[in-house]
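Just so you know, all these numbers are worked out from the coordinates, no wet-lab data involved. All values reported here derive from a predicted model rather than from experimental measurement. Here the Cβ positions follow ideal geometry from the backbone for every residue, glycine too, while neighbour counts run over all protein chains shown.
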Amino acid sequence: MPDFGFVRALAHVARIIGVAAASLLLHAEAYAASQPISIQQFSSKGAYGTQVANPLPIYTLHISNGKLVDSNGVTFNSYLPQWTTSSPQWSPVAGSGCIIPNLRWAAVYTTFYVVLASDPDHMRVVRSCGKSPLQLNSNAQYSNIGSGNFINHAQIAGAINGNTNNVNQVIAAGELDVINGKIVYMDTCSGHFQPNVGSFLAYASGLDEGGVLSLTSSLKSIIQSGSISDQQISANLTPMVSGGTTPSRNVRVGTSGCYSYTTVFAIGTSNGTTTLSGGLLALNQGGVQVFMNNINAITNQNVKDITLTGNCCIYSYAANVITDLHFWNNALNFTFTDETNDTYSLSVHVYSYNHEVDYNSAKPNINKITFDWAPSSSSSSSSQPKDEL
């Protein structure tokens, strides 16, 4: 049995919707601009289209041990890494005919996904030519759409008994990015099925429960309430716009009114301070992912990775930083802000690769990180300097 958690998630959603329905009857005016968070079914509104002679392969994924894996048990990636660092470089998948040259830190694929109403325990996905929220020049999406291997969501969902006028219904559809079995970006952008936010979040809660997508505490609370208002949608999801400069893709032709969710951080610098914001560094979910650049380029190759892990004893959590040895007369000062808006500080000096700040929190996931250089009084010390809390 696939460990997807959808049966539990659907039962949970049914329970909370039952409570929310009673509340809606009592407070109809307050919920006038809200929509229920529940699994819904969507039929294709677009043409099935003509399938190409050599279509891209469709992978059927399920959750196993907190990762998305294919039918052979292989951990799924939207991209293949060229080398292993905290901020991987990505290369095209061999044999696909989808090549975009001269890109640094390039994510050359976008992954289309659908979840059939008849099979909610599995996700059907296709790697297609496009860009990701980790991509430089991400507004130049689908430059290879004419390469003959494009496929749409209706074709991924499949025709019933070969009748292209009768496409399988879905409960979720759009695009996503998967790194080492973990979803770092997901949206509702399917022009064929046009799923709404309520069904998307109900489905996403099952992914969160299965450990492959990390939702913010705010979104979890909203899902628990059973409905979401337009204001909450605007505050917690990103509307898809053309030419945006946030971790999001462009709206495609035929797609409008869709939203995205990502754990990828936006990166900015001001007065010598680098700030990562708008993303989520979640507990035991791998290293931080950064939009449009990697950490190394901002810090002159000194910061290699940032992760969040559990800890023992007095403190339950640890924000971990991996650096190299090139600080010399400087210190690199970090702050980490969790979802309760508490902030934890770390000063990194020379002589050590691994550094951490330990803390306790009711909501430990990190949604903001800053770091800057400062003169180090410890660099001339004869003893190995220690991280400062």
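Stretch TYR353-SER277 to full length: gain in nm at 0.36 nm per residue minus the Cα-Cα span?
Details: separation 76, 0.36 × 76 = 27.36 nm, distance 2.45 nm.
So the extension gain works out to 24.9 nm.
Just to verify a number: FRET efficiency for LYS45 and GLN231, C-beta to C-beta distance, R0 = 25 Å, to 0.05?
Numbers: r = 27 Å, r/R0 = 1.09.
So, using R0 = 25 Å, E works out to roughly 0.35.
Could you sort the peptides 154-164, 310-320, 192-202 by per-residue average Cβ neighbour count (10 Å cutoff), highest mean leading? Please list the in-between numbers first.
Details: 154-164: 16.4, 310-320: 14.6, 192-202: 23.6.
Top of the packing list down: 192-202, 154-164, 310-320.
Which net charge results when you count Lys and Arg as +1 and Asp and Glu as -1 among the other residues whose beta-carbon is under 13 Å from that of GLU339?
+1
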